[in-house]
């Protein structure tokens, strides 16, 4: 995909993997980048300036992806501003830190929040932009997780939500073919601030040091490593659809 005049939306784009993806797309010449965010307004505003420095036009798009009506309104606004969408990255996500064995802690509210953002939210965004993406021969990249296929991660509902997202990626690849490619990246542990917020900085650092020893590449991923894979899937692999790329330095080989 040529990047000239291309328009991208990255949900969860103000922080972590989403932020790194916005920057990577700008470095590769994508000219219009919409930063989807829910609560991280200050971080989103800072990112706008960084994208401008890279030569991209950046736009803030406050959006709760779990709210179908809000998603539809945001889609209408983006299309009015930029004329359409070429690249959609579903990076918005949420979780709770719950031990897998603690079934009583997995309340209906927890299911609603995690599935509402990680799975249904991604679907609402894909649906809202489907026609525009078809018209422009676009590409979708969903951010899944190694917990989609391993019993690891922050919680049982998170793991289930990512497994469902992986299957939805395959289903949408067929549903939107041949005009739109739909793929997913599957990160392992990423040094992005996510784990620190869940378990605290001290415990996260200890976990990182221990886990890095089992990674064939000798380190854990930075957010930029995942962003490179996302941008490559979105822009460069024109005959690849319905696929998942694990980006974990080979860690999954040793589970």
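The values are calculated or read from the model by the stated rules, or taken from the named source; none is laboratory data. The model shown is predicted, which means the values in this text are computed figures rather than measured ones. A quick note on method: Cβ atoms are made from the backbone with ideal geometry, for glycine too, and the neighbour counts reach across all protein chains shown.
Residue-wise test of (1) loosely packed, with under 14 Cβ neighbours inside 10 Å; (2) within 19 Å of the chain's Cα centre (by Cα); (3) over 25 Å from residue 181 (Cα atoms).
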{"position": "49", "(1), (2), (3)": "yes, no, yes"}
{"position": "56", "(1), (2), (3)": "no, no, no"}
{"position": "67", "(1), (2), (3)": "no, yes, no"}
{"position": "78", "(1), (2), (3)": "no, yes, no"}
{"position": "89", "(1), (2), (3)": "no, yes, no"}
{"position": "103", "(1), (2), (3)": "yes, no, yes"}
(message) Could you check region 129-180 and list, in sequence order, the residues that are touching a residue at least 12 places away in the same chain (Cβ under 8 Å), outside any helix (DSSP H, G or I) and more than 20 Å from residue 92 (Cβ to Cβ)?
(response) 137, 149, 150, 151, 152, 177, 179
(message) Quick check on residue 99: is it at pLDDT below 95 and either under 14 Å from the mean Cα position of the chain (by Cα) or surrounded by fewer than 17 Cβ atoms within 10 Å (Cβ to Cβ) (or both)?
(response) yes
(request) With respect to residue 156, determine if the residue is modelled with pLDDT of 85 or more, surrounded by 19 or more Cβ atoms within 10 Å (Cβ to Cβ) and in contact with a strand residue (DSSP E or B) (Cβ under 7 Å, 6 or more places away or on another chain). (result) no
(request) Starting from residues that are farther than 19 Å from residue 165 by Cα, over 12 Å from the mean Cα position of the chain (by Cα) and in contact (Cβ under 8 Å) with a residue 60 or more places away in the chain, keep the ones in region 223-249 and report whichever is surrounded by the most Cβ atoms within 10 Å (Cβ to Cβ). (result) 235
(request) Might you let me know whether region 114-128 holds any residue that is in contact with a strand residue (DSSP E or B) (Cβ under 8 Å, 6 or more places away or on another chain), at pLDDT 95 or above, surrounded by fewer than 24 Cβ atoms within 10 Å (Cβ to Cβ) and over 18 Å from residue 231 (Cβ atoms)? (result) yes
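Tell me, yes or no, whether region 169-185 has at least one residue that is more than 14 Å from the chain's Cα centre (by Cα) and at pLDDT below 80.
Residues of region 169-185 more than 14 Å from the chain's Cα centre (by Cα): 170-181.
Subset that is at pLDDT below 80: none.
The answer is no, given that none of the residues of region 169-185 is more than 14 Å from the chain's Cα centre (by Cα) and at pLDDT below 80.
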